[in-house]
Structures are given as structure tokens and as C-alpha cells.
Amino acid sequence: MSKQLLDTPAKHGFSLTGLADRTWNRVREGVFQTAWTPLATLAESAVVALMQNITTGNLRVLTYSHIYTFPSPDAQSSSANSDSGSDLKAELRVVNDVFWIRLCTMSDLGFAEAYMYGDVECDDLVSTFLMFLYNRKNLSNLESKVSYLFTLPQKLTSTRFLNTIGNSRSNISAHYDISNAMFAGFLSPDMTYSCAIFKDLDGDLKEYDISQRRVWSGSQGLKRLGEPDPSTYDPKSIPETNNDTKEEDEVDELEEAQIRKLDHIISRARIQPGQRVLEIGSGWGSLALRIATTIPDITIDTLTLSVHQQTLARQRIAAAGPEVAARIRVHLMDYRAMPAEWEGSFDRVVSVEMIEAVGQEFLERYWKQVDWAMKKEGGVGVVQVITIPEPRFERYIQEIDFIRKWVFPGGFLPTLTLLLQTLCAGSSGRLIVDSVSNIGPHYARTLREWRRRFLACFESVIVPALREEYPDVMNGPDGAKEIEVFKRKWLYYYCYCEVGFTTRTLGDHIVTFTREGNEAYGCNVFE
């Protein structure tokens, strides 16, 4: 099992539940890696039997002794296969038979870990995810009792990620304190790590044919059996985001789209000269900088729990000049620990994709704090939040998925309904929702842009950044393996989330709220 540099639990302090979880993971991984051949064969038979239920798309699975095709040729000829997604094709190559055991015992999470650890190769993760999504009703039995038993310890020990004040900094650190240089490698120069708003929702897909897109969709260069080699893909065609060599007249569509989103947040909040703004969740300072550089006489207090983010945000703010730097303060502070003198001090409150780190248990407390900090008359707030559709919520809260185990520990996506209910309850009805919009479909392209950049500068920027930040792990005897696991985890993360937003299995809502009787806010429905 990889040390996972980047294993999210490693950022958390000692606890009995943490120890139990690490012990269970080692035991489980040891069982997987020494799997008795008959057990792997049995798991393979069970998974293959279930995959016979695939009716949409075409999946080919190659092992050392078999080539499986789903649906079978007979089933294909007897079915019109006319559903959406019927033109999808994907190919899996089983490298290690532990893949079957992972899939049989851990379902979706098992597939994710099999890909991360190299037990299976995939020529196109996006198409594979879409195919499983379109066939999810037929494949529902993959959530077996065995799968439940193998994931139960993870569910029981995940309480160590509960977003108490003590845990929240560790949860944030596990993702955001990997390396500033690593994030700079795939983000646009504004360093905004949230959904952008593009002029052309899927304009990037027009630039590449399907064979080129497969190269940056988790294929790791895998060539599909029986097909011509994919078109040569030059990663240099993707602009690296260090931008030292960027042409003056070159347009970075991702940067342009991120600035458009930041301006949209500012516009919805109706931020005016002379106001005081509270930002909960600094990121690397992009929104605070945009506000301070476009609106005069503004003062901003912005909160983060990431030491790395605070450091770079302060550097970027200082680089903007003394006039801007004097008006932005970056605090290493939990939203529940704001000083008493801040009560009722802020004209505006903004928060971009931070509520996902609050946790279900603390949503009302979050809104109570927003209500406490905002001026009692004329205050306005805007939050941008990744959401999950109501029909998926019950299953979501009962499972530990790839994102919450490997990417964002302690993460929780609310439904829009829950978000609005807790807003009302937490503020005792004093925060009034003015508008709600969903920019989620734009996230699919945002993730594709990040993924292409990640791959384009992986060797030149990201690997050196990881080796500098984690020299003992990345330069050690297993360094190459650690780097590969890291790369696969992030590719999986990008593709997994892209499909969620493409299919509206995830949303990204912008919610604007104000105080009762705020006549000055106005009403512009054309924004």
C-alpha cells in the first residue's frame, strides 16, 4: 500500500478512531494484496455476471485470459441501445486480479482505489463513469452486503473528520496545504480554485477530437485494442500557468472565466465603495484582490484555515501594492472564532465554495455566525456552494465516497433545500434569500481545464513541487510509486467530478441573501 503523501488521514492528530481506521486499512490492503486465487476468481465471476446487465454504451474488459464485452454481442444485436450515452465506449485492462476483489467488496470506492494503485488501466475514465452512471439502476446490486461490511469500519471511524474547531484545520490542511506551487501548476494566474463561468459552456471540446480527449481523461497513454493509435497530443499546446513566457496578447480562457465569476459574485453582493467586507474562505486571495483592486475604499477581512494559503495570499496581496495591501487582512481563523468586536460590523459577507467544509452538523452554526457578523440593516451576502440533488441525499449521507475519503476529508455537500432551511433556522429568519442560480454545468469545463494543465506541467512543475515539499517521501525508494499514485488520484478526482457536473448529479449554486426591508439592494434580473 502506498504511503499516500498525500493520504488525507496523515494530516490528522492521533485518536483512537484514527488508529482503528489506519489499522483496518492496513489489514484490508494486506488481505487484498495476498488474495487467494480462488477468491479473486469468485469475485471476478460475480462482477462479470452483474456487468452483463449493462445496456447502454460498450465496455470491454481485458484480463490476461479473457476479453469481456458488455453488453454481449448477442445482447447488443437484440437491443436498440438507443438511450443517451449509447455511443459511449471504454476499455479496462486488469493488471492485478485484486481489482475484482476491490470492486466486489468496495463497489465505487474499490474501483477508485484500484485505479489509484494501478490494479486496473482505463483508456477513458470520463466515458467509463458516464457508462456506469447511465446503467446505475442495472448495476445497483454491486452495493452488496460484502461491500457494506468492508466499508463499515470506514463509516464508523470517519467521525474523526467531524468539523469541530479542532478538526477543521486538519481537514483543510489535508487538501490545501499540499503545496502552493502544485496548485499554481494547474490553476490560472488568478489562483481561483472554484467553478468559473465561461462564455461558451463546452467550447473547449470543439478543439479536440475524441482520441485526443482520451489522452487527458485518465488513459495514461493507453491505446484501445484494435484501434489506430490516437492522434498525437502535444501537452505543450496547453498553457502552463506560471506564465513567465506567456505572450502579451494571448487570452487565457480559464483566467477570463474565473474573473467573470468573481465579478459576478461582486455584482450580486452589490459591494460599494467604503464598505467593509467579510470573506469566509480566502483561497489564495483571488476574490479579496479583485474586490480591493476594482472598488475603492473597501476594507476586507478574509478567513482561512490553511497556513499555505494564508502565506501565499499575503504575498500576492503585498505584490499588489501598499494601497491594496493596507485594505486586506488575511486571518488564520475559524469562522466560529471571530472576535467579539466584529459583531454587526460587515456590510457584505461573501464565501466561495467554503460551506462544503462546514459539515452537516454545523450548517446552522455557520449561518448563525454570518447573521451575527452582518450589519443588522442593509447587509447583503453571497455564497457559492457545491450541492447534491435531493434524490441522492439519503444515499450520500450513508456512504463514504472517493472524494470524502481521499480528497476532502470532512467534506459534506448539502442539498439546496437543506442549505436554505439551515440559513433560515440559523439566522432565526433574519437572513432573507433574494436569488438562487446554478452554475454547476460550467464546472465540467473548469475541471477539464485544470486537468489538461495538470498533465501539461506535471513533470516540469508539479513533480518538483512535490519533491520539494515532501523530500523524504518523494525522493525515497518508493518515490516514483508515490508520484504515480498522486497523479492517478488527481486524474480520478478531476474526471469523477466532471461527470458529476456534466450530468447534473452535482450542482454549484450561488445564493444571494439580505436583510428584510433592504430597499437599497434593488432588483436586476438580467445579471
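None of the figures in this text is laboratory data; all of them are computed from the coordinates on show. None of the values given here were measured: they were computed from a predicted structure. No Cβ is skipped: glycine too gets one built from the backbone with ideal geometry, and neighbour counts run over all protein chains shown.
Figures for the structure shown
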read-out	value
Shape category assigned to the range 380-526 from the gyration tensor of Cα positions, a/c cut at 1.5	prolate
Residue-span extension gain [residue 67 to residue 256] - 0.36 nm each, minus C-alpha spacing	63.5 nm
Gained length - residue 136 relative to residue 325, 0.36 nm times residue gap less alpha-carbon distance	62.9 nm
Estimated FRET transfer efficiency (residue 390, residue 332; beta-carbon r; R0 35 Å; 0.05)	0.45
Proximal charge balance of residue 384 [Cβ under 9 Å; K/R count +1, D/E count -1]	-1
Efficiency of FRET from Cβ geometry, residue 87 and residue 428, R₀ 60 Å, rounded to 0.05	0.70
Segments 442-450, 271-279, 364-372 sorted - mean Cβ within 10 Å per residue, highest first	442-450, 364-372, 271-279
Extension gain, residue 361 back to residue 200 (0.36 nm per residue minus Cα-Cα distance, nm)	54.2 nm
Simple spin-label estimate for residue 340 and residue 421 in nanometres, 7 Å along Cα-Cβ	3.5
Length-normalised contact order of the range 289-358 in % [C-alpha pairs under 8 Å, at least 6 apart]	34
Relative packing of 130-137, 38-45, 515-522, which averages over residues the other C-beta atoms within 10 Å, highest first	130-137, 38-45, 515-522
Flagged links, alpha-carbon separation over 27 Å, of 261/481; 137/481; 405/481	261/481; 137/481
Cα-only radius of gyration and Dmax that characterise the range 360-452, units Å	15.4, 46
Förster radius 60 Å - calculated FRET efficiency between residue 41 and residue 468, Cβ distance, rounded to 0.05	0.85
